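What follows is one structure encoded as structure tokens, with my remarks underneath.
The values are calculated or read from the model by the stated rules, or taken from the named source; none is laboratory data. Remember, predicted model here, so these are calculated numbers, not experimental data. FYI the Cβ positions are ideal-geometry reconstructions off the backbone, even for glycines, and counts take in every protein chain you see. Accessible surface is based on the protein model in full, side chains and every heavy atom, while ligands, DNA and RNA are left aside. Shrake-Rupley method; radii C 1.70, N 1.55, O 1.52, S 1.80 Å.
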Amino acid sequence: MRESSKKRLNIPKLISGIINGNIVSLSKAITIIESDNINDESNSKKIISSCIKEKSNSIRIGITGVPGVGKSTFIETFGTHLTNIGHKVAVLAIDPTSSINHGSILGDKTRMSTLVNNKNAFIRPSPASTHYGGVAKRTRESIILCEAAGYNIILVETVGVGQNEISVSEMVDFFLLLKLSGAGDELQGIKRGIIEMADAIIINKADGDNIENSNKAKSEFSMAIKFYPKRKSNWTPKVMTCSSVNNKGIKSIWDVISEYVTATKSNNFFNENRKSQNKYWLLQTINDKLQSNFFGSEKIKKELEKQYDLLDNKKTTPFAAAEILLKI
Ligand code: GDP
């Protein structure tokens with residue numbers, strides 16, 4: 001079944017479909033890129049190298065926050081605002097849980113029911129991946145495809161729990177952290193490092209009884225970030241409140257992002273940052289490949305078991321064992 005469907009695949013046609021903004025072609029191409037099947041690798045490379053040549057004036061925005069903070073509701077409202085003012089919006093997700101339990105808590109189409117029916121929006125759930133680092137890499141490649149298909153605003157959603165925020169910040173131009181008022185950072189599971197990465201901190205659910213608390217949280221955060229180290233971008237992070245359900249504060253968030261883009265394009269950080277992100281992904285890809293080649297080797301697997309035993313029995317040290325494994 002897979003073989004026969006693969007034979008029918010016309011890659012040049014698929015690529016021109018993407019470039020003409022055909023959603024079916026775009027979805028199919030992303031599936032090829034996400035595939036673990038070795039047979040899809042060369043098609044995947046062809047697609048990416050054609051798409052990367054397409055001119056794009058995109059803005060890539062990362063959105064993070066703990067589950068329940070309102071990411072999908074925010075994306076729904078924010079994305080709709082953007083399409084209303086003439087943009088084409090793609091929503092991608094990086095979900096670390098999707099590789100663990102094969103279920104995704106992000107990017108689920110049913111969560112964004114308005115946006116999913118919007119012809120100027122494209123929503124893609126998080127890829128499930130078994131590879132180390134694979135999910136982020138695939139999302140990074142999907143961005144390129146979405147841009148070639150004419151989406152000029154790319155929203156990359158992730159759960160604010162740690163490691164994958166670093167990957168997201170290395171693939172976006174602007175990083176937005178959603179928070180709730182009245183709960184400490186520990187309660188929200190947000191690490192200080194993530195706060196330091198944010199170009200804007202948005203206190204969501206600033207509505208009803210929560211307005212006062214949200215404003216208080218906004219002042220506290222505005223004070224706190226004054227002590228954070230200065231950014232290479234020269235940008236001072238903004239703290240804002242919004243209500244995604246009532247569509248309050250959404251326009252101001254877009255205004256701030258636009259202000260950021262103008263400022264960082266004029267001081268050239270925008271372009272320099274994208275260049276250094278490319279270098280990051282080059283090195284990251286090498287690291288991933290080296291790791292998967294190394295740990296995928298049968299010889300290594302066997303020797304590793306042996307060294308584990310020796311280690312358990314205090315007959316070697318972790319460093320001596322590593323030396324032996326690296327020499328194989
Ligand atoms: P996610 O897990 O971060 O994607 O959060 P969801 O978007 O699924 O939202 C979690 C819950 O918070 C849902 O019940 C939403 O209706 C609610 N919610 C989201 N945004 C707001 C908001 O601006 N105000 C209020 N009052 N509730 C909100």
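Residues of region 90-99 include none that is more than 16 Å from the ligand (Cβ to nearest atom), over 16 Å from the mean Cα position of the chain (by Cα) and modelled with pLDDT of 90 or more.
For beta carbons closer than 8 Å, sequence separation of 6+ or different chains, a first residue in region 283-305 that is closer than 17 Å to D36 by Cα and a second that is open to solvent by 50 Å² or more (accessible area, probe 1.4 Å) and of a type in the set (F, W, Y), the qualifying pairs are D288/Y132; Q291/Y132; S292/Y132.
Does H81 satisfy being more than 9 Å from the ligand (Cβ to nearest atom), assigned to a loop (DSSP other than H, G, I, E, B) and touching a residue at least 12 places away in the same chain (Cβ under 8 Å)? Before the answer, list the steps.
Numbers: more than 9 Å from the ligand (Cβ to nearest atom): yes; assigned to a loop (DSSP other than H, G, I, E, B): no; touching a residue at least 12 places away in the same chain (Cβ under 8 Å): yes.
The answer is no for H81.
Take T114 and decide whether it is more than 14 Å from C146 (Cα to Cα) and at pLDDT 95 or above. In short, no. The C-beta contact set for region 246-260 (first residue under 19 Å from I154 (Cβ atoms) and within 14 Å of the ligand (Cβ to nearest atom), second residue open to solvent by 30 Å² or more (accessible area, probe 1.4 Å) and at pLDDT 95 or above, distance under 8 angstrom, 6+ apart or interchain) comprises I250/H81. Scanning region 44-77 for residues that are away from the ligand (no atom under 16 Å from the Cβ), in a helix (DSSP H, G or I) and open to solvent by less than 20 Å² (accessible area, probe 1.4 Å) yields S44, I47, C51.
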